[in-house]
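Participant: Let me begin by handing over the structure; questions about it come next.
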Amino acid sequence: MFITIKLICRTCKIEVSEEVEELKNTKLLYSNGDQEYIRKGFYILDFTPIGGVVSELNLKDFFIINIEDSINSKPHINPDRLIGCCGLSGVYGHNIVCINNHEIGIKEEDCSGPHYVALDPELVKRI
């Protein structure tokens, strides 16, 4: 039996993820930069470095999901958080908010690394 979860904003309770299942086999993570890191429909806790890919961010206990599994979110209203070469990078902090403007996490879609959304466990809750 597969157990799935959804994630909601802790502040306003709006869903911020599709239903996702924990990915147990980290060999299924993608190691190439500039592509999705985790398959659609799955999540992992923490960023798992693979194939030389590392993260400059401290993502301990963050829910890492595919960008396509992120819902009801938008870029941060602070333009200083929206920096990257070819897409968003979380180097300057949380860069996505729920549609009600509450910070929820980081979207990584820059060309320098794999693409994913990292939802902060202090700001989102699993249901």
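Participant: Phe47 - would you say it is crowded, with 20+ Cβ neighbours inside 10 Å and either without any contact (Cβ under 8 Å) to a residue 40 or more places away in the chain or not acidic (Asp, Glu) (or both)?
Facilitator: Judged against the criteria, Phe47 is a match.
Participant: Could you give every pair whose Cβ atoms fall below 6 Å, whose first residue belongs to the stretch 67-90 and is closer than 22 Å to Glu15 by Cα, and whose second residue is at pLDDT below 90, counting only separations of at least 6 or pairs across chains?
Facilitator: Short answer, once both residue conditions are applied: Gly90/Leu57.
Participant: If you don't mind, there's one more thing I want to ask. What are the residues in the stretch 1-25 that are under 14 Å from His102 (Cβ atoms) and in contact (Cβ under 8 Å) with a residue 12 or more places away in the chain, if any?
Facilitator: Within the stretch 1-25, Leu7, Ile8, Cys9, Arg10, Thr11, Cys12, Ile14, Glu15, Val16 meet the criteria.
Participant: Within the stretch 74-125, which residues are part of a strand (DSSP E or B) and more than 11 Å from the chain's Cα centre (by Cα)?
Facilitator: Lys74, Pro75, Val97, Cys98, Glu103, Val124, Lys125 - these are the residues of the stretch 74-125 that are part of a strand (DSSP E or B) and more than 11 Å from the chain's Cα centre (by Cα).
Participant: I need the full set of residues from the stretch 16-38 which are assigned to a loop (DSSP other than H, G, I, E, B) and either buried (at least 16 other Cβ atoms within 10 Å of the Cβ) or in contact with a Phe, Trp or Tyr (Cβ under 6 Å, 6 or more places away or on another chain) (or both), in order please.
Facilitator: Result: Val16, Glu18, Leu23, Leu29, Tyr30, Tyr37, Ile38.
The values are calculated or read from the model by the stated rules, or taken from the named source; none is laboratory data. Values in this document were obtained by computation on a predicted structure and should not be read as measured data. When we count neighbours, we look across all protein chains shown, and the Cβ atoms used for this are built from the backbone with ideal geometry, even at glycine.
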